[in-house]
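Can you read through this structure? Questions will come right after.
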Amino acid sequence: MILEAAIGDAYGAGFEFQELDYIIKNNHLTQYHKHGMYTEIYKRYTDDTQMAIAITELLLEDDNWNEVKVADKFVEVFHRDKRRGYSDRVYNALDASKNGTDFLKIIDNRSSGNGSAMRAYSIGLVKDVNQLLDFCEIQAKTSHLTAEGISCAKRIALAVHFYKYKLGDKSSLVDFINDTLKEKEVYQVTSPIDMHGYFTTQAVIKMVSEADSMQDCLKRGIDYGGDTDTVAALCMAILSQKDNCEKTLPKFLYDELENGTYGRDFLISLDLKLKEKFH
């Protein structure tokens, strides 16, 4: 799950907010492309995966969450491996913080962006839905203390949960999310896909509910343009848990993904630990 999300993130980063003509010309799943703003983001994952790593580590270490613990983990993971891709709002707050308490004092947490959703997918492995929803809300509040920031995180975690625990015999994905959150959303894609949590989760849920191939979904999500790295990361994470979905991706995506201290092998080890805890 984490590995697939990182691959989507790293590949999608090369197309983030690029012109659609550029995407059509280059999005053929044959090579990684350099990010338009940050040259160091090349064959490397961005803040999307780094924050998801923080959430995953906390999930593996602690079953009793609060906002300080979540923020502590965000600060820890950021400082051990600083990388670009964060909004200035979050990057500057993390950079200026020594611990989670500092972060919570500094950060403007009134965002409705997709940051709370992009890091929430591993929470979907939690079997108890009430605990899943609590964890989503706690982590969202650290930086996205808005109704949309909280609900979009829940949508992503619930999508993983739906496929992980094979609930498709009882419901459709959209019905499951709507019933659980007491919503009446009709999911659709608006291109280019905005980084607001609502539009991102609208697109991701729509795509994964229809997808029968990770590779096709990866290309399709990027073809829409907009916040391509987040969309790709979320789609790959969710589809890694979906039965009746072809999971083969081009070999270069694995072979050429960064493999330093927190690269490919580290991500694989996290996935193995998740499988052990949520077997």
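The values are calculated or read from the model by the stated rules, or taken from the named source; none is laboratory data. Bear in mind that the values here come from a model prediction, so they are computed numbers and not experimental data. Here the Cβ is made from the backbone with ideal geometry for all residues, glycine too, and neighbour counts use every protein chain on show. Each accessible area value is taken on the protein alone, full model and side chains, heavy atoms only, with ligands, DNA and RNA left out. Shrake-Rupley method; radii C 1.70, N 1.55, O 1.52, S 1.80 Å.
It is to be established whether one or more residues within region 46-60 are open to solvent by 10 Å² or more (accessible area, probe 1.4 Å) and under 15 Å from D227 (Cα atoms).
yes
Let me ask another. Could you list, in sequence order, all residues of region 237-279 that are within 22 Å of E40 (Cα to Cα), in contact (Cβ under 8 Å) with a residue 24 or more places away in the chain and open to solvent by 70 Å² or more (accessible area, probe 1.4 Å)?
E256, T261
As an exercise: evaluate F74 against (1) over 30 Å from D128 (Cβ atoms); (2) of a type in the set (F, W, Y); (3) open to solvent by less than 20 Å² (accessible area, probe 1.4 Å); (4) modelled with pLDDT of 95 or more and give the number of the one condition it does not meet.
(1)
Within region 8-44, take every residue that is touching a helix residue (DSSP H, G or I) at 6+ places or on another chain (Cβ under 7 Å) and more than 21 Å from P192 (Cα to Cα) and give me the one that is modelled with the lowest pLDDT.
I41
Mind listing whichever residues of region 133-151 are of a type in the set (A, V, I, L, M, F, W, C) and within 19 Å of F74 (Cα to Cα)?
F135, C136, I138, A140, L145, I150
Additional query: Within region 1-35, can you find the residues that are part of a loop (DSSP other than H, G, I, E, B) and under 17 Å from S213 (Cα atoms)?
M1, N27, H28, L29, T30
Please find, among N130, N114, the residue that is open to solvent by 60 Å² or more (accessible area, probe 1.4 Å) and at pLDDT 95 or above.
N130
Please enumerate the residues belonging to region 208-226 that are surrounded by 24 or more Cβ atoms within 10 Å (Cβ to Cβ) and not small (G, A, S).
Answer for region 208-226, where residues must be surrounded by 24 or more Cβ atoms within 10 Å (Cβ to Cβ) and not small (G, A, S): V208, C217, L218, I222.
Taking the condition of being polar (S, T, N, Q) and closer than 20 Å to D265 by Cβ, how many residues in region 21-79 meet it?
4
Where the second residue is β-branched (V, I, T) and not in a helix (DSSP H, G or I) and the first is within 26 Å of V160 (Cβ to Cβ) and lies in region 34-61, which pairs have Cβ atoms under 8 Å and are six or more apart or on separate chains?
L59/V126
Now, a different point. With the structure loaded, tell me whether A203 is within 25 Å of G168 (Cβ to Cβ) and open to solvent by less than 10 Å² (accessible area, probe 1.4 Å) or whether it fails that test.
yes
Write out, first by first residue and then by second, each pair whose Cβ atoms fall under 7 Å of each other, whose residues are 6+ apart or on separate chains, and whose first residue, in region 141-162, is more than 16 Å from N178 (Cα to Cα) and hydroxyl-bearing (S, T, Y) while the second is assigned to a loop (DSSP other than H, G, I, E, B) and open to solvent by less than 20 Å² (accessible area, probe 1.4 Å).
Within 7 Å, the pairs are S143/I107.
Still on this structure, please answer the following. Identify all residues within region 203-239 that are closer than 22 Å to E185 by Cα, more than 13 Å from the chain's Cα centre (by Cα) and among the polar types (S, T, N, Q); write none if there are none.
Selection gives S209 alone.
Continuing with the same structure: Tell me yes or no: at least one residue of region 58-70 is among the hydrophobic types (A, V, I, L, M, F, W, C) and in contact with a strand residue (DSSP E or B) (Cβ under 8 Å, 6 or more places away or on another chain).
The answer is no, given that none of the residues of region 58-70 is among the hydrophobic types (A, V, I, L, M, F, W, C) and in contact with a strand residue (DSSP E or B) (Cβ under 8 Å, 6 or more places away or on another chain).
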